[in-house]
Amino acid sequence: MTWSGARTYAIKGYRPLMFGVLAANTLMFGTVAVLLIGRNVGLALAVPIVYAVMVSVGLRAQRRTAVRLTVSEAGLDVAWIFGQYHRSWEEIRRIRLLHSRLDPTRIQQIEVVFANHCPLELFDRLSDFNALVAELRETQPQLVED
């Protein structure tokens, strides 16, 4: 295992995009709820419940998507749209390299499986994605599955 210092990979513009999507959905659901209050209060009250379920499911999925990832000797530092967390190499069970269906030689996604947490999904939109793949193969070959 050779470490040349921590290296950071990021998706540019993803966080503002997701905040924009959240704002648009909030505006849309709020408008529908306000319009329904005059017609059917029961239905108008159901709209915020549907919105809350949608946001909670979306946040759960977003937590598994890294906006910024730092790979170091200590493990992975993951930033998602509302926070960040650290996972040590000891917590990682395997790293799966997922290939494109159209081009089997191209790696499209990396799935990092942890012992006691939801898997982390790293997409090829991360900056210098091929360097990330090479770094994981070089530093953690026992965890990487092609």
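The values are calculated or read from the model by the stated rules, or taken from the named source; none is laboratory data. Keep in mind that this is a model prediction, so the values were computed, not measured. Because the Cβ atoms are built from the backbone with ideal geometry, glycine has one as well, and the counts that use them run over all protein chains shown.
So if I check each of Arg68, Arg7, which one is modelled with pLDDT of 85 or more, more than 17 Å from the chain's Cα centre (by Cα) and under 20 Å from Asp124 (Cα atoms)?
Residue meeting the stated conditions: Arg7.
Of all residues in the stretch 87-146, which are touching a residue at least 60 places away in the same chain (Cβ under 8 Å), in contact with a Phe, Trp or Tyr (Cβ under 6 Å, 6 or more places away or on another chain) and not in a loop (DSSP other than H, G, I, E, B)?
Correct list: Leu132 only.
May I ask you to list the residues in the stretch 21-55 that are part of a helix (DSSP H, G or I) and loosely packed, with under 11 Cβ neighbours inside 10 Å?
Ala23, Ala24, Leu27, Val41, Gly42, Ile49, Val53, listed by residue number.
Would you be able to tell me the number of residues in the stretch 73-102 that are out of contact with any Asp or Glu (no Cβ under 9 Å at 6 or more places or on another chain), surrounded by fewer than 16 Cβ atoms within 10 Å (Cβ to Cβ) and modelled with pLDDT of 90 or more?
8
Of a type outside the set (Phe, Trp, Tyr), surrounded by 14 or more Cβ atoms within 10 Å (Cβ to Cβ) and closer than 30 Å to Glu111 by Cα: is that true of Ala66 in this structure?
Answer is yes for this residue.
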